[in-house]
DNA sequence: GGCTAATCGAGACGGTACGTCAAGTCTTGCT
DNA sequence: AGCAAGACTTGACGTACCGTCTCGATTAGCC
């Protein structure tokens, strides 16, 4: 999927924007994130590496945070959910994938930073939701649906309850992995992932019983 | 509990540092966090509000992040775990407390920011662990011990396994609440807390079965 | 004559430097010198009065001293040497002009200060020589040449000797006036100027006799 | 001759001031002037080298400039005027001595600086006059008196005129040497000194004729 | 093929905050 | 009282980025 800079009201005339510049900028942004981290990333530095003028950045993104969100969002689309035959196996697979993604320096440093900024910046929060969060809920939906098809989970009764549980699982899985990796700063290894998936699979029955 | 600025090798002579200044600075820091958030907090502003010179800040804290950690850490000590008679009730109580803490503007904006910075700053990471993370694990330990006394959970067999489970629960609870509140930006209300605690209590048996 | 900020290798691209800013800065510098003197002149204050950012100053001048030299140098170009008919009259005229210049607060406070700094700062010394000292030697040369034309002084024999005498006269006149005005802090009035010019005119014969 | 710090109203009680400290401070001041020059001399540095607290400095001198004047003034007392048999020889001797003094790094950097400051600081100007300028006029007086005794100069007629001429000679000699050494930054060598003394001796007759 | 209009690189611009440094004062306990 | 030590307030320093602006020079599409 393509990250899309600030949309603009389709000018019919004048020189069109360079598509190469777009990608060069996002690539340069990821490079700088890797080397310097979010807080030392500067627009001038990104522009320089991309071989582009600062003006060209600001014509596309309103500020550093929006640029970083776009640069990082595309990485999350690599996550996928192959059918491994059981709910627990599916969970363990995606958790390990997600942990590997969080280990990448460009994600590690950028994700928490933009979320922190988003607590005070509503447009940024929306951009994060649209570009990253909502887009990845598909993993939970697919996993749950597949488990129902296998008979591991009961079929839906109350759609509201199902949505609530999907959201819960999403927050628990994403939150736990992030917390383990970035706050506790402990490895997300097989042993830990085993325990987490056991907790989830074991607990889902109790949650379903709530109705 | 007292937040402690940069320790120093006990000078016997000279004018001692002002203890009032210490507290005035931390208080001013929390004020600015509330009003402006982390990214717009400036050392000069904090100094001004505390009625103190900028150099006095830098004599005690090496940078903005260490100052903010100390200013915020003390808030986490308000969390407590009264005995409500059941594991699930205890969990729900502390989760709601934690969610309320995360709703406070000074915590919301600061916590993620310093964690983000800590991905590139080892001393900062250590300070966060020591001042905030490790200190709150007591809640998990107490809750588990109490549940064992009540017979809700089996007595310890393998101490390694017990530690691993404690850590898991801590990451899951803290991570889920943070993700819900700050990333998903949805309310941590009674319904959600019910579901989360049901998931945990229901899953703990399965985790224990892993040995 | 124009005072010229730091020369630079003629960039063909980019926004050109504002010529208005140049003059506004030098003017503001002279203002601040008058009001506050050299030691209380700050770059921030100058920038503020010139309606310019501090960075704009530093882009043009490396430090306060170079700026002050440029701001003051232009004032010395007002000195001139009208032909008053005799060597002594010419000397008295230019000495009074120079004394009047030294009485101006912007010169009085700045000149000695930058010379003092120049004892430790070779580039500054060169700038002073080029912008101020060498430029004013013309007064001595013109005066001497004119006196020779009038027959008050013998024609040149040894050019080396002539140069040495020109230099001597320059140091004596400039040094004596500065010392009288700034160190002795006594007025450079007609009586004193009479005496000085009598000393010079009377002594020049003896110096010429040295060969 | 001793440089004398701020006089004070003879305290009858309490610990008396350390006399050793006085000299250590002035000595340290000269050291720092040699190594760092006036503009980089700091009170803290001087105090440190003198093995003294900053408070002790400020108890004796009101500020940096007064301290520097006192530290440097004593050096000027080394100048003396041995009888060399002729006015011109006497002049050349003292000029060379003075030039040697101005070559010393502590004098070179400090003298112009404090004079510059004194244009805005009346008490400082008075201190300079009292400690340095007036004290050295003795050289002119002695030289003139001796030349009169030898018959090189006519005996006094009008005492006012004599004073004016003494002052003129003082400003011319001191000013010319300072200007040559610090502004023109050319050596004060025998050839130059010859020329200067010839100018003075040759010109004095013309000045005397003014009455 | 010239016109129009938005793009491009470059770099100067007004700002804001940084973290440091020195000046001169104040506070403590010791002599 | 004087003194050493060192914390204190104040205020300027010179630097680094921010996001905007002005240049002259390219590109396109449209007439």
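The values are calculated or read from the model by the stated rules, or taken from the named source; none is laboratory data. Everything numeric here is computed off the predicted structure, so don't read it as measured data. Methodologically, a virtual Cβ is constructed for each residue, glycine included, from the backbone with ideal geometry; neighbour enumeration extends over all protein chains shown.
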Considering residues of segment B:67-90 that are buried (at least 17 other Cβ atoms within 10 Å of the Cβ) and more than 14 Å from every other protein chain (Cβ to nearest Cβ) only, the residue nearest to DNA strand E (Cβ to nearest atom): B:67
Matching residues in segment B:90-106 - criterion: being under 22 Å from residue B:196 (Cα atoms) and in contact with a helix residue (DSSP H, G or I) (Cβ under 8 Å, 6 or more places away or on another chain): B:90, B:91, B:92, B:94, B:95, B:96, B:98, B:99, B:101, B:102, B:103, B:104
Residues located in segment D:176-187, provided they are closer than 17 Å to residue C:166 by Cβ and under 17 Å from the mean Cα position of the chain (by Cα): D:176, D:179, D:180
Residues within segment D:91-117 that are within 11 Å of chain C (Cβ to nearest Cβ) and without any contact (Cβ under 8 Å) to a residue 24 or more places away in the chain, tallied: 2
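Scan segment C:33-45 and give yes if some residue there is crowded, with 19+ Cβ neighbours inside 10 Å, over 30 Å from residue D:118 (Cβ atoms) and at pLDDT 95 or above, otherwise no.
No - not one qualifying residue is present in segment C:33-45.
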So residue C:40, is it more than 16 Å from the chain's Cα centre (by Cα) and farther than 27 Å from residue C:174 by Cβ: no
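If you take the residues of segment A:57-66 that are within 22 Å of the chain's Cα centre (by Cα) and within 14 Å of DNA strand E (Cβ to nearest atom), which of them is surrounded by the fewest Cβ atoms within 10 Å (Cβ to Cβ)?
That would be A:63.
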Segment B:193-211, residues that are at the interface with chain A (Cβ under 7 Å from one of its Cβ atoms) and under 15 Å from residue B:95 (Cα atoms): B:194, B:195, B:196, B:198, B:199, B:200, B:201
The one condition in (1) surrounded by 14 or more Cβ atoms within 10 Å (Cβ to Cβ); (2) modelled with pLDDT under 95; (3) away from DNA strand E (no atom under 16 Å from the Cβ) that residue A:93 fails to fulfil: (2)
Residues satisfying the stated conditions in segment B:125-165, i.e. within 11 Å of chain A (Cβ to nearest Cβ) and over 12 Å from the mean Cα position of the chain (by Cα): B:125, B:126, B:160, B:161, B:164, B:165
Verdict on residue B:54 being near DNA strand E (Cβ under 8 Å from one of its atoms) and more than 13 Å from every other protein chain (Cβ to nearest Cβ): yes
Sole exception among (1) in contact (Cβ under 8 Å) with a residue 60 or more places away in the chain; (2) within 15 Å of DNA strand E (Cβ to nearest atom) for residue C:34, by number: (2)
Selection count, segment B:166-176, where residues are in contact (Cβ under 8 Å) with a residue 40 or more places away in the chain and more than 7 Å from chain A (Cβ to nearest Cβ): 1
Check on residue D:187, within 21 Å of residue D:112 (Cα to Cα) and more than 7 Å from every other protein chain (Cβ to nearest Cβ): yes
